[in-house]
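Visitor: Handing you a structure now.
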Amino acid sequence: MQRLDRFLSEAGVESRRKLKDVIRSGRVTVNGEICAAPDQKIDEQNDVVALDGQTIGRGDRRIVVMLHKPAGCVTAATDERYPTVMEYLPPEYKRLMPIGRLDMDTEGLLLFTNDGDLAHRLISPKRGIEKSYYAEHAGTADAGDVAAFAQGCVLKDGTKCLAAVLEPLGEGKSLVRVREGKYHQVRRMLASRGKPVSYLRRVSEGSLELGDLPAGMTRELTELEIAQLESVDFDEKFFKET
């Protein structure tokens with residue numbers, strides 16, 4: 001359930017302040033009946049809302065939602081053994097798809113959308129969108145580790161990673177920035193340097209930061225934030241062979 005004025009504002013009809021006057025003027029109907037109360041609760045999935053006789057729907061509106069994924073759940077629609085990230089989405093977002101994935105034990109920023117083209121662009125290796133992770137691990141990262149990440153780590157199975165940034169944060173803590181998404185990549189990169197990870201959290205993706213969003217909670221991105229994500233350009237230096 002959602003307030004009528006918020007529903008119309010998020011549908012892009014008008015600013016929330018101006019919508020109060022629009023609604024009170026009797027121009028809005030809910031299921032065919034005039035509704036003059038801006039704070040009227042509606043079921044955005046089932047109620048039919050119209051302005052001046054024109055149906056206002058959110059089905060065609062592009063939505064991108066950020067979840068602070070907690071540890072202990074998998075990035076999947078359903079799973080027979082473990083909780084899934086979908087269980088943390090409010091009802092109005094249940095039909096969104098995750099953009100990429102985080103493994104079960106990793107926390108942090110995970111995006112969802114109803115725009116398949118946008119999802120493909122954001123996870124495409126050709127876009128090289130930077131993702132940052134805060135890691136707690138054995139030992140303390142040193143200059144040799146920083147250089148190895150900058151040159152492109154070679155994992156224990158021989159996989160060569162693209163150039164990445166390792167920023168030591170003191171004993172047993174580092175910030176890692178990567179532009180690709182191999183399986184358990186950050187954990188495997190640090191393990192290849194003798195620093196197995198005990199805790200991992202994605203803290204940013206492109207221009208987006210997780211900030212102080214509590215674990216298990218969501219927030220919808222603004223159109224400006226979405227546009228900034230889309231504007232990330234290919235960075236050739238991260239795709240040179242080393």
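Visitor: What residue, among those in segment 123-167 that are small (G, A, S) and under 29 Å from P98 (Cα atoms), is farthest from the chain's Cα centre (by Cα)?
Guide: Of everything passing the filter in segment 123-167, G152 is farthest from the chain's Cα centre (by Cα).
Visitor: Among (1) open to solvent by 30 Å² or more (accessible area, probe 1.4 Å); (2) in a strand (DSSP E or B), where does A77 come up short?
Guide: Result: A77 fails condition (2) only.
Visitor: Can I ask one more? Identify all residues within segment 80-106 that are of a type outside the set (S, T, Y) and open to solvent by less than 40 Å² (accessible area, probe 1.4 Å); write none if there are none.
Guide: V85, M86, L89, P90, L96, I99, G100, L102, D103, listed by residue number.
Listed here are the residues, each with its yes/no results for (1) touching a His at 6+ places or on another chain (Cβ under 9 Å); (2) acidic (D, E); (3) farther than 20 Å from S207 by Cα; (4) in contact (Cβ under 8 Å) with a residue 12 or more places away in the chain.
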| position | (1), (2), (3), (4) |
| --- | --- |
| T29 | no, no, yes, yes |
| P38 | no, no, yes, yes |
| V48 | no, no, yes, yes |
| E80 | no, yes, yes, no |
| K94 | no, no, yes, no |
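Visitor: Still on this structure: Name the single residue that is most open to solvent (accessible area, probe 1.4 Å) among those in segment 130-160 being of a type in the set (A, V, I, L, M, F, W, C) and in a loop (DSSP other than H, G, I, E, B). Steps first, answer last, please.
Guide: Here is the first cut: in segment 130-160, the residues of a type in the set (A, V, I, L, M, F, W, C) are 135, 138, 141, 143, 146-150, 153-155.
Then drop every residue that is not in a loop (DSSP other than H, G, I, E, B), which leaves 138, 141, 153, 155.
On the way: A138: 46, A141: 11, C153: 5, L155: 8 Å².
Ranking the candidates gives A138 first.
Visitor: Which of the residues belonging to segment 107-118 are open to solvent by 10 Å² or more (accessible area, probe 1.4 Å) and assigned to a helix (DSSP H, G or I)?
Guide: Scanning segment 107-118 gives G116, D117.
Visitor: How many residues, within segment 176-223, are part of a loop (DSSP other than H, G, I, E, B), of a type in the set (F, W, Y) and more than 18 Å from I99 (Cα to Cα)?
Guide: Counting residues in segment 176-223 that are part of a loop (DSSP other than H, G, I, E, B), of a type in the set (F, W, Y) and more than 18 Å from I99 (Cα to Cα) gives 0.
Visitor: Here's something else I'd like to know. Count, please, the residues in segment 9-48 that happen to be within 29 Å of the chain's Cα centre (by Cα), modelled with pLDDT under 85 and within 26 Å of K94 (Cβ to Cβ).
Guide: Matching residues across segment 9-48 total 11.
Visitor: So, one more: Identify, please: which residue in segment 161-194 is among the charged types (D, E, K, R) and in contact with a helix residue (DSSP H, G or I) (Cβ under 7 Å, 6 or more places away or on another chain) and is, among those, most open to solvent (accessible area, probe 1.4 Å)?
Guide: R193
Visitor: List, please: which pairs have Cβ atoms under 8 Å, are six or more places apart or on different chains, and start with a residue in segment 133-162 that is in contact (Cβ under 8 Å) with a residue 60 or more places away in the chain and end with one that is of a type in the set (K, R) and in a loop (DSSP other than H, G, I, E, B)?
Guide: H137/K195; A138/K195; L162/R179
Visitor: Please tell me if A71 is at pLDDT below 90, more than 23 Å from E223 (Cα to Cα), part of a loop (DSSP other than H, G, I, E, B) and among the hydrophobic types (A, V, I, L, M, F, W, C).
Guide: The answer is no for A71.
The values are calculated or read from the model by the stated rules, or taken from the named source; none is laboratory data. Please read all numbers here as calculations on a predicted model, not as lab measurements. Cβ sites come from the backbone with ideal geometry, for glycine too, and all protein chains shown count toward neighbours. The protein model used for the area step is the full one, side chains on, heavy atoms only, and it has no ligands, DNA or RNA in it. Shrake-Rupley method; radii C 1.70, N 1.55, O 1.52, S 1.80 Å.
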